[in-house]
Number of protein chains: 2
Amino acid sequence: MRVGELSKRSGVPVPTIKYYLREGLLPAGVLTSPNQAHYDEGHLRRLRLVRALVDVGDLSIAAVRDVLVAIDTRDSLHNKLGAVQEAISQPSAVDLDPLAVADVQAFFARQGETDCVDVTESNVTHMLAAALSVARSVGHDGMQDLLDPYLEGLKIIAQADVDYIARQSSRDDIIEAMVIGTLIGDTVLKAVRRLAHAQVSRDVIGDRPALEDDES
Amino acid sequence: MRVGELSKRSGVPVPTIKYYLREGLLPAGVLTSPNQAHYDEGHLRRLRLVRALVDVGDLSIAAVRDVLVAIDTRDSLHNKLGAVQEAISQPSAVDLDPLAVADVQAFFARQGETDCVDVTESNVTHMLAAALSVARSVGHDGMQDLLDPYLEGLKIIAQADVDYIARQSSRDDIIEAMVIGTLIGDTVLKAVRRLAHAQVSRDVIGDRPALEDDES
């Protein structure tokens, strides 16, 4: 198909497609004449993935490029999943609290994790240390106690995620499911967490008064 | 203390404090002279909470105001937790897919949920329907199958969250723990989810080749 049809089928404007081509987020089409290129279903699919990363994941062009490199590198699915997750977890600008970094390292040690424990080497580890640093800065130095029960619950969730990914049949489907599942899954998780809070709090603190009189 | 000391102790610049006062995010100090107001520990605490909402939660001033109203309204802890969660879950601009809305309603029906099932009435429900709508728009119409296992895992997580909240001793501590725990908890959860993925995928798909030859 020509670029006009690629635009029509993807809903992405032609100038944006040309920008992605220049930035290397979309492979060049096959030239059918000096001024005309031909695109196939692979281009359409890649374009939809780029849009999902930009729109849903709110990723920068540089981060999208990192994700695509991770996807296109020949490696095992397990390593590829790790690389994609690193790419979509860009580090924040938060100053890390050494105590929070120590909490994260203690958590990894308890869990027998030896990969990616260094905050300077893993975006995911940095994200965790940054969140605990912010908590400490507003006086919450006990949040690391939540890490073990969080991981326990998240293993059930990860099992469902990995089953969902493994159900996909082709290589492209699996990779897309990893990226989409991780990004959209984060938002789904946030929303369902609210429901879980409502259900649990109804049982645990439903009848407890709001301590209105304790204004100390 | 005077506004200069409030600024020094909170790390928030005086012009920003004055802006929050004008916007009603911080109650006025007690006037000790026509041009001088006195602030107490309650102001400092509220100011730190506002900063956490702005910096960690990335909330707009209007959303911060909604959270503070929810906090200051006399109600049970359970209802207050719900109101705070609604306030920090601002709806996205995503067009909802009616099929995704039906998926969310079916999920709520399965779970026996009767509150907040309407996407026009609940920000949390809207967030969930929006995430599933985006998934559908990129060809993933099976993600609703993840909702039940997600809730199962999140109940373990919510139990830890509610225990953490209930451990706080004063009314102000409990409310702050709700807000901070929900906002920072979302990021902690995202990071720990990556670790859970890594652990589970090592077991399930670790040895599976990446299907490099299936380029169909």
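Please list, ordered by first then second residue, the pairs with beta carbon atoms under 9 Å, 6 or more apart or interchain, first in the stretch A:134-151 and in contact (Cβ under 8 Å) with a residue 40 or more places away in the chain, second assigned to a loop (DSSP other than H, G, I, E, B) and acidic (Asp, Glu).
Pairs found: A:Val134/A:Asp97; A:Ser137/A:Asp95; A:Ser137/A:Asp97.
In the stretch A:137-160, is there at least one residue being within 30 Å of B:Val134 (Cβ to Cβ) and surrounded by fewer than 17 Cβ atoms within 10 Å (Cβ to Cβ)?
Taking every residue of the stretch A:137-160 in turn, at least one turns out to be within 30 Å of B:Val134 (Cβ to Cβ) and surrounded by fewer than 17 Cβ atoms within 10 Å (Cβ to Cβ).
With the requirement that a residue be assigned to a helix (DSSP H, G or I) and closer than 21 Å to A:Val179 by Cα, what does the stretch A:22-50 give you? Lay out the reasoning, then the answer.
Looking only at the stretch A:22-50, we keep the residues that are assigned to a helix (DSSP H, G or I), and these are A:22-23, A:41-50.
Passing the criteria: A:Glu23, A:Glu41, A:Gly42, A:His43, A:Leu44, A:Arg45, A:Arg46, A:Leu47, A:Arg48, A:Leu49, A:Val50.
Kindly indicate whether A:Gly57 is part of a loop (DSSP other than H, G, I, E, B) and touching a residue at least 60 places away in the same chain (Cβ under 8 Å). Can you show your working first?
Details: part of a loop (DSSP other than H, G, I, E, B): yes; touching a residue at least 60 places away in the same chain (Cβ under 8 Å): yes.
Here the answer is yes, as A:Gly57 does meet what is asked.
Quick one: in the stretch B:72-83, of everything that is surrounded by 20 or more Cβ atoms within 10 Å (Cβ to Cβ) and of a type in the set (A, V, I, L, M), which residue is modelled with the highest pLDDT?
Applying the filter and picking the extreme gives B:Leu81.
Report, ordered by the first and then the second residue, all pairs with beta carbons closer than 7 Å, sequence separation of six or more or different chains, a first member in the stretch B:171-188 that is within 10 Å of A:His140 (Cβ to Cβ), and a second member that is among the hydroxyl-bearing types (Ser, Thr, Tyr).
Close Cβ pairs (under 7 Å, with a partner that is among the hydroxyl-bearing types (Ser, Thr, Tyr)) amount to B:Ala177/B:Tyr164; B:Gly181/B:Tyr164.
Output yes when any residue across the stretch B:6-19 is among the polar types (S, T, N, Q) and away from chain A (no Cβ under 14 Å), and no when none is. I'd like the intermediate steps shown before the answer.
The first filter runs over the stretch B:6-19 and keeps only residues among the polar types (S, T, N, Q), leaving B:7, B:10, B:16.
Those left that are additionally away from chain A (no Cβ under 14 Å): B:7, B:16.
Yes - at least one qualifying residue is present in the stretch B:6-19.
Taking the stretch A:15-41 only, how many residues are surrounded by 11 or more Cβ atoms within 10 Å (Cβ to Cβ) and either over 28 Å from A:Ala70 (Cβ atoms) or touching a residue at least 12 places away in the same chain (Cβ under 8 Å) (or both)?
So the answer is 14.
Quick check on my filter: what residues within the stretch A:1-21 are assigned to a helix (DSSP H, G or I) and under 24 Å from A:Ile88 (Cβ atoms)? Show your work before the answer.
First, the residues of the stretch A:1-21 that are assigned to a helix (DSSP H, G or I): A:3-10, A:14-21.
Once the filter is applied, which keeps residues that are assigned to a helix (DSSP H, G or I) and under 24 Å from A:Ile88 (Cβ atoms), the stretch A:1-21 yields A:Ser10, A:Thr16, A:Ile17, A:Tyr19, A:Tyr20, A:Leu21.
Conditions (1) surrounded by 16 or more Cβ atoms within 10 Å (Cβ to Cβ); (2) part of a helix (DSSP H, G or I); (3) without any contact (Cβ under 8 Å) to a residue 60 or more places away in the chain; (4) out of contact with any Cys (no Cβ under 9 Å at 6 or more places or on another chain), marked per residue:
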position: B:Ala63; (1), (2), (3), (4): yes, yes, yes, yes
position: B:Ala70; (1), (2), (3), (4): yes, yes, yes, yes
position: B:Gln85; (1), (2), (3), (4): yes, yes, no, yes
position: B:Ala93; (1), (2), (3), (4): no, no, yes, yes
position: B:Ala100; (1), (2), (3), (4): yes, yes, yes, yes
position: B:Phe108; (1), (2), (3), (4): yes, yes, yes, no
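The values are calculated or read from the model by the stated rules, or taken from the named source; none is laboratory data. Computed from a prediction, not measured in an experiment: that's the story for all the values here. Cβ atoms come from the backbone with ideal geometry, glycine included; neighbour counts cover every protein chain shown.
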